[in-house]
Amino acid sequence: MAKDGNTGAALFLPDRLTLPELRKAAAHCEGCDLHRNATQTVFGEGPVSARFLIVGEQPGDQEDRRGAPFVGPAGRILDRGLEEAGISRQKAYLTNAVKHFSFTLKGKRRIHQKPTAAEIDACRPWLTAELSLVKPEMIVVLGATAARALLGASFKVSQRRGEVLELGESLAVATIHPSAVLRAPDRDEAYQGFLADLTLARRSCSS
Ligand code: URA
Ligand code: SF4
């Protein structure tokens, strides 16, 4: 058990590993403190047969309210990138490294807060279980938090984005997070780089 008394997600995993069972169990996860203030668990979404598994950071404000990944502003950038790269969102499995929204309050506004290393570690059992069931051909790693969860603390997205990596039985490509496109001084340039990485991910897959 961690020093703060949290156990991580492992204790909450279901006996039977299927995506519906995982989703049901994750709705009651108390593996770290993030469940206290968030509205709900935002579990991954998509078919178990997906060839592409896309990993973001954590749900944002809108995802927290709606209970689905990538349905806010970052999701719209992701949608555009996937479509232009020729990856079907409907056929892909979309998830996050951390499954509850982490935020601080500024007046009434909920401001996104980066999940801590301990929260990423606590939540990793869900991601590992999703990966073990979907067995994707290609994992698209969006930004530093997803990279930390999957590729380790020393992996630098800025240096190693746009490389085809091996991750277990899957291939992986890391790229910037779509919200970094929104924050970039030159959005168009940032978007083109993001799209190039997604296109590489698609081209590195069979057929
Ligand atoms: N950003 C993420 O990383 N994931 C989401 O689901 C939404 C925004
Ligand atoms: Fe569980 Fe992850 Fe939510 Fe923490 S963030 S309570 S580990 S689902």
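The values are calculated or read from the model by the stated rules, or taken from the named source; none is laboratory data. What you see is a predicted model, and the numbers here were worked out from it, not measured in a lab. Here Cβ is always computed from backbone atoms with ideal geometry, including for glycine, and neighbour counts include all displayed protein chains. Side chains are part of the model used for accessible areas, which takes the heavy atoms of the whole protein and leaves out ligands, DNA and RNA. Shrake-Rupley method; radii C 1.70, N 1.55, O 1.52, S 1.80 Å.
A few remarks follow.
- Subset of the range 44-69 (residues that are open to solvent by 10 Å² or more (accessible area, probe 1.4 Å), farther than 19 Å from Ile111 by Cβ and within 12 Å of ligand 1 (Cβ to nearest atom)): Glu45, Gly67, Ala68
- Test result for Ala117, touching a helix residue (DSSP H, G or I) at 6+ places or on another chain (Cβ under 9 Å), buried (at least 22 other Cβ atoms within 10 Å of the Cβ) and hydrophobic (A, V, I, L, M, F, W, C): no
- Among (1) surrounded by fewer than 23 Cβ atoms within 10 Å (Cβ to Cβ); (2) of a type outside the set (A, V, I, L, M); (3) over 30 Å from Pro14 (Cβ atoms), the one test that Pro178 misses: (1)
- Meets criteria (open to solvent by 20 Å² or more (accessible area, probe 1.4 Å), over 13 Å from Gly56 (Cα atoms) and hydrophobic (A, V, I, L, M, F, W, C)) for Leu200: yes
- Helices (runs of 4 or more DSSP H) enclosed by the range 118-207 - at least 1 residues per element that are in contact (Cβ under 8 Å) with a residue 40 or more places away in the chain and touching a Pro at 6+ places or on another chain (Cβ under 9 Å): 143-151, 178-183, 187-203
- Restricting the first member to the range 18-41 and to residues that are under 25 Å from Leu105 (Cβ atoms) and more than 11 Å from ligand 2 (Cβ to nearest atom), and the second to residues that are at pLDDT 95 or above and part of a helix (DSSP H, G or I), the beta-carbon pairs closer than 8 Å and six or more apart or on different chains are Thr39/Asp64; Thr39/Arg65.
- Failed item, numbered, when His28 is tested on (1) assigned to a loop (DSSP other than H, G, I, E, B); (2) within 16 Å of ligand 1 (Cβ to nearest atom): (2)
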